[in-house]
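Reading through the structure tokens given below for one structure.
The values are calculated or read from the model by the stated rules, or taken from the named source; none is laboratory data. In this text the structure is predicted, and so the values were computed from the model without any measurement. Methodologically, a virtual Cβ is constructed for each residue, glycine included, from the backbone with ideal geometry; neighbour enumeration extends over all protein chains shown.
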Amino acid sequence: IDTILPPAPEVCEARALTEEAFLALIAPTPHPREQWLVTLAPYREPRVRAFIKALKYRNETAPLEPFARAAGPCVADILSTKRPREKWSTALVVPIPSSRVRLRTRGYNQTARIVEAILPHLTEAHAREYAPHVLTRDERKSQVSVLRFEREANMRGAFSCPPQARALVFNRAVL
């Protein structure tokens, strides 16, 4: 079908990414002000951007497995390092929820797909529990439609923990 309907350029670029290519791209970097926030790869890197866009906007899942094989050990290392330092036992792994409109439009949550691809590469020693329903998201303007300096304000207060999930997150590390 790719011959009849050629895929978007970012899909072609994402499909070409191998485990080795992801290993070369992964460079865990703590946020300068929020040390608990760690990015795995720089979004300014065109291949990283292509991977995210292909997954998010084009429903392209082929690069997920090579990404997970490359990122899994890195995430495991981050968890192993933070666990004793932060004094938590079992962390809840929570994907950032999509808005209801986006979920209905796309039919999937791209962050949940990334998390679900990485989880099999972690062991129980990494003390994690997958909890995809502990966050909800209010409807907001799409981040693409607001100016860069307005994005933080646009998302402030957008996420909440429903009452039925509060006991699960109480006094727990949430990743």
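Below is a table of values for the structure above.
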{"read-out": "Out of Ala76, Ala71, sole residue that is modelled with pLDDT under 90, touching a helix residue (DSSP H, G or I) at 6+ places or on another chain (Cβ under 7 Å) and part of a helix (DSSP H, G or I)", "value": "Ala76"}
{"read-out": "Hey, Pro132 more than 15 Å from the chain's Cα centre (by Cα) and either among the charged types (D, E, K, R) or closer than 16 Å to Arg100 by Cβ (or both) or not", "value": "no"}
{"read-out": "Leading residue by the ranking (modelled with the highest pLDDT) among those in region 84-123 that are among the small types (Gly, Ala, Ser), surrounded by 14 or more Cβ atoms within 10 Å (Cβ to Cβ) and out of contact with any Phe, Trp or Tyr (no Cβ under 9 Å at 6 or more places or on another chain)", "value": "Ala112"}
{"read-out": "Selection within region 1-18 - surrounded by 16 or more Cβ atoms within 10 Å (Cβ to Cβ) and assigned to a loop (DSSP other than H, G, I, E, B)", "value": "Leu17"}
{"read-out": "Selected residue (only one of Ala27, Ala21 is aliphatic (A, V, I, L, M) and in a loop (DSSP other than H, G, I, E, B))", "value": "Ala27"}
{"read-out": "Conditions (1) more than 24 Å from Ala8 (Cα to Cα); (2) touching a helix residue (DSSP H, G or I) at 6+ places or on another chain (Cβ under 7 Å); (3) without any contact (Cβ under 8 Å) to a residue 60 or more places away in the chain: number failed by Val93", "value": "(3)"}
{"read-out": "Any hit, region 117-136, residues being farther than 23 Å from Ala76 by Cβ, among the polar types (S, T, N, Q) and not in a strand (DSSP E or B)", "value": "no"}
